[in-house]
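Working notes for the structure below.
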Number of protein chains: 2
Amino acid sequence: MDFSGSSVVVTGGAGFIGSHVVDALVGRGARVTVIDNFSTGYRELVHEGPRVTLVEADLLDYPKVLAAMAGKEMVFHLAANADVKDGLLHPRKDVEQNILATQNVLEAMRAQGVRRIAFSSTGALYGDARVFPTPEDAPFPVQTSLYGASKVAAEGLLSAYAFGYGFSTWIFRFVSLLGPRYSHGHIVDFWRKLRKDPTVLHVLGDGHQKKSYLHVEDCVRAIMVAVDRSVAPEAAPIHIYNLGHPGTLEVNESIRVICRELGVSPELRYTGGERGWIGDAPRILLDTRKIEALGWAPTKTIEESVVETLRFIEANPFLHHPASAKKE
Amino acid sequence: MDFSGSSVVVTGGAGFIGSHVVDALVGRGARVTVIDNFSTGYRELVHEGPRVTLVEADLLDYPKVLAAMAGKEMVFHLAANADVKDGLLHPRKDVEQNILATQNVLEAMRAQGVRRIAFSSTGALYGDARVFPTPEDAPFPVQTSLYGASKVAAEGLLSAYAFGYGFSTWIFRFVSLLGPRYSHGHIVDFWRKLRKDPTVLHVLGDGHQKKSYLHVEDCVRAIMVAVDRSVAPEAAPIHIYNLGHPGTLEVNESIRVICRELGVSPELRYTGGERGWIGDAPRILLDTRKIEALGWAPTKTIEESVVETLRFIEANPFLHHPASAKKE
């Protein structure tokens with residue numbers, strides 16, 4: 001798709017991934033309307049101007065979403081409750097922010113005649129996968145987290161709108177992302193703990209959880225490749241891609257890199273068990289041959305991404321200092 | 001599970017399947033609380049008395065659901081918007097009645113300490129299946145209907161509650177059911193049309209849709225077998241079973257049986273296309289070896305079920321006459 005001169009919406013455009021998508025779209029000549037409620041996004045990441053318009057709204061506020069969709073050509077729906085770990089503390093949040101919000105986006109698009117949507121789903125929906133690397137058509141998974149369940153639900157809505165209302169949809173199942181503007185996850189958790197006490201580090205699980213991570217710039221490039229290269233969307237209105245790195249990193253390796261970068265040698269204390277938390281998948285590795293067949297490949301190693309993430313955190317404490325943390 | 005003297009909730013207990021579940025549970029000595037909003041259920045199917053209590057409520061009315069769960073041991077959650085065909089006319093309905101309602105049930109259970117739930121899911125969530133008969137762990141399907149998407153979502157919530165809160169869950173993926181108290185579907189549609197004009201019958205699709213159907217009594221017996229025989233639920237909290245018939249019936253065969261029973265010979269006019277409606281799966285046949293391994297098997301042929309359904313419709317027009325039809 002040629003984005004030059006086009007008008008697009010990015011939900012969650014003030015967030016980690018969304019703000020990178022905004023930059024990529026602006027770089028391609030699009031006019032971007034960001035919708036964000038700043039529940040986890042940051043005002044500092046939205047640069048309003050002739051190319052970027054901000055609508056401060058929760059996606060549950062349908063009239064505002066409806067108004068924002070007028071005259072747009074495509075939506076990148078990245079807003080979500082992405083807090084997998086603490087889902088059980090507030091079980092309605094995933095349903096509201098990931099399912100109902102997604103239907104509001106779809107209904108507003110339908111009402112305004114917008115028919116193209118790219119969506120950030122998750123590899124977490126494979127639950128405890130039985131096949132590694134896990135392909136897009138893996139055996140029907142059993143959900144292990146509210147987050148995964150809510151993303152499966154949102155994917156289903158997109159697909160049903162594609163079948164029923166002629167939407168063209170791109171669904172991206174991400175591994176965990178790293179890189180600039182990273183705002184939550186194990187690296188910032190470890191960094192906070194080590195800044196508070198560099199002599200001891202409490203680790204969720206046994207440290208052997210082994211997961212794939214992708215640099216956010218590699219991820220956004222993959223999204224653009226997929227949207228660009230998908231031809232004849234009317235013939236195949238539903239495009240589903242795993243986005244991940246062919247490598248994995250064990251939590252213990254991640255800790256080693258982080259401690260080396262910070263120059264600390266803490267005693268490691270493990271909570272034990274193969275999972276970091278209830279519903280945590282101890283192993284995540286996605287089969288990415290489908291997106292690679294479009295000519296995409298990651299450019300950074302996972303270790304490079306960890307180091308880059310850590311340096312960004314150190315240089316931008318406003319996004320990460322416990323005192324300014326927005327997370328519940 | 002021994003239901004004698006137990007207190008259980010049946011949501012949708014005034015409906016086609018739910019009312020049979022109520023009868024089965026009462027027959028096993030349970031005290032049953034029916035929750036129904038009578039949107040598609042019938043008061044005539046609820047026999048209040050010492051063993052059966054009726055709570056007239058929509059599942060979106062959380063305080064009523066919460067109150068109804070107090071002191072119960074298990075929930076059979078059968079209430080749903082089961083109108084697959086017309087989902088696109090009111091796309092929020094599946095989300096509200098099948099996702100939000102299910103979360104209200106789960107939250108009310110959690111608040112009241114009820115931890116066992118059986119749930120009516122659907123074979124429609126396999127979408128356009130690539131494997132026949134379709135097993136429970138078929139390749140991750142793409143949703144083709146809002147109904148299927150909403151049931152996938154509800155299944156995901158049940159599984160996440162099983163993982164996160166220690167629920168024991170039984171998920172049953174039904175084919176279309178037939179038999180006494182049948183209230184909507186192609187047989188009543190054909191019956192209405194032929195009663196109005198026996199000379200011509202308009203058929204959605206090309207008549208070659210080939211699907212499995214199950215008698216409601218065989219279905220309810222399978223549910224009870226699965227709940228009875230699942231041992232050590234703490235070890236395997238999520239039980240997923242396809243429930244269907246090993247045979248299939250083509251729409252044209254169904255028409256032949258119906259016309260024979262009614263003594264009519266209409267001209268058949270097809271709308272054409274392999275699907276009856278957008279999102280209709282032209283072929284449905286589920287692999288039922290998992291439930292059969294528990295000792296269950298259907299007792300009736302599909303043709304017997306069609307005939308029995310038709311005779312019930314003829315004998316109970318109050319449930320089916322167009323003038324009293326509650327469907328939108």
Legend entry - region A:75-90 residues that are in contact (Cβ under 8 Å) with a residue 60 or more places away in the chain, paired with ones that are outside any helix (DSSP H, G or I) and aromatic (Phe, Trp, Tyr) (beta carbon under 6 Å, 6 or more apart): A:His77/A:Phe119; A:Lys85/A:Trp277
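For region B:179-203, which residues satisfy the criterion of being among the charged types (D, E, K, R), farther than 15 Å from B:Lys85 by Cβ and surrounded by 14 or more Cβ atoms within 10 Å (Cβ to Cβ)? Spell out how you get there, then give the answer.
Here is the first cut: in region B:179-203, the residues among the charged types (D, E, K, R) are B:181, B:189, B:192-193, B:195-197.
Next, only the ones that are farther than 15 Å from B:Lys85 by Cβ stay: B:181, B:195-197.
Passing the criteria: B:Arg181, B:Arg195.
Can you go through B:Val175, B:Val220 and tell me which one is buried (at least 22 other Cβ atoms within 10 Å of the Cβ), more than 8 Å from chain A (Cβ to nearest Cβ) and touching a Ser or Thr at 6+ places or on another chain (Cβ under 7 Å)? I'd like the intermediate steps shown before the answer.
Working: B:Val220 fails: touching a Ser or Thr at 6+ places or on another chain (Cβ under 7 Å).
When all the criteria are applied, what remains is B:Val175.
If you check A:Leu100 against the conditions, is it more than 15 Å from A:Arg116 (Cα to Cα) and either assigned by TED's automatic domain parsing to the domain that holds A:Gly148 or in contact (Cβ under 8 Å) with a residue 60 or more places away in the chain (or both)? Walk me through it before giving the result.
Working: more than 15 Å from A:Arg116 (Cα to Cα): yes; either assigned by TED's automatic domain parsing to the domain that holds A:Gly148 or in contact (Cβ under 8 Å) with a residue 60 or more places away in the chain (or both): yes.
Yes, satisfied.
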Inset, instruction - Could you please give the count of residues in region B:77-105 that are more than 8 Å from chain A (Cβ to nearest Cβ), under 20 Å from A:Ser150 (Cα atoms), buried (at least 19 other Cβ atoms within 10 Å of the Cβ) and not polar (S, T, N, Q)? - result: 5
Legend entry - Residues of region B:258-283 satisfying the condition of being away from chain A (no Cβ under 14 Å) and surrounded by 20 or more Cβ atoms within 10 Å (Cβ to Cβ): B:Ile258
Legend entry - Scan of region B:12-27 for residues that are within 12 Å of the chain's Cα centre (by Cα) and either modelled with pLDDT under 95 or over 16 Å from B:Leu319 (Cβ atoms) (or both), ordered by number: B:Val21
Legend entry - Set B:Leu158, B:Leu146, B:Leu106, B:Leu89: member being over 21 Å from A:Phe140 (Cα atoms) and either touching a Phe, Trp or Tyr at 6+ places or on another chain (Cβ under 9 Å) or outside the structural domain of B:Thr40 (by TED's automatic domain parsing) (or both): B:Leu106
Inset, instruction - Out of the residues in region A:107-161 that are more than 17 Å from A:His239 (Cα to Cα) and of a type in the set (Asp, Glu), state the one that is farthest from the other protein chains (Cβ to nearest Cβ). - result: A:Asp128
Inset, instruction - Could you pull out every one of the strands (runs of 3 or more DSSP E) wholly within region A:28-129 that has 1 or more residues that are within 18 Å of the chain's Cα centre (by Cα) and closer than 29 Å to B:Ser159 by Cα? - result: A:74-77, A:116-122
Inset, instruction - Go through B:Tyr147, B:Tyr165 for me and flag whichever is buried (at least 22 other Cβ atoms within 10 Å of the Cβ) and aromatic (Phe, Trp, Tyr). - result: B:Tyr147
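Test B:Arg192 against the stated conditions and say whether it is in contact (Cβ under 8 Å) with a residue 24 or more places away in the chain, away from chain A (no Cβ under 14 Å) and within 22 Å of B:Asp23 (Cβ to Cβ). Lay out the reasoning, then the answer.
Numbers: in contact (Cβ under 8 Å) with a residue 24 or more places away in the chain: yes; away from chain A (no Cβ under 14 Å): yes; within 22 Å of B:Asp23 (Cβ to Cβ): no.
It is false that B:Arg192 is in contact (Cβ under 8 Å) with a residue 24 or more places away in the chain, away from chain A (no Cβ under 14 Å) and within 22 Å of B:Asp23 (Cβ to Cβ).
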Inset, instruction - State which residue is nearest to A:Val22 (Cα to Cα) when the search covers only region A:228-246 and only residues that are at pLDDT 95 or above, more than 14 Å from chain B (Cβ to nearest Cβ) and out of contact with any Cys (no Cβ under 6 Å at 6 or more places or on another chain). - result: A:Gly244
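The values are calculated or read from the model by the stated rules, or taken from the named source; none is laboratory data. Here the structure is a predicted model, which is why all the values come from computation and not from measurement. Cβ: placed from backbone, ideal geometry, glycine included. Neighbour counts: every protein chain shown.
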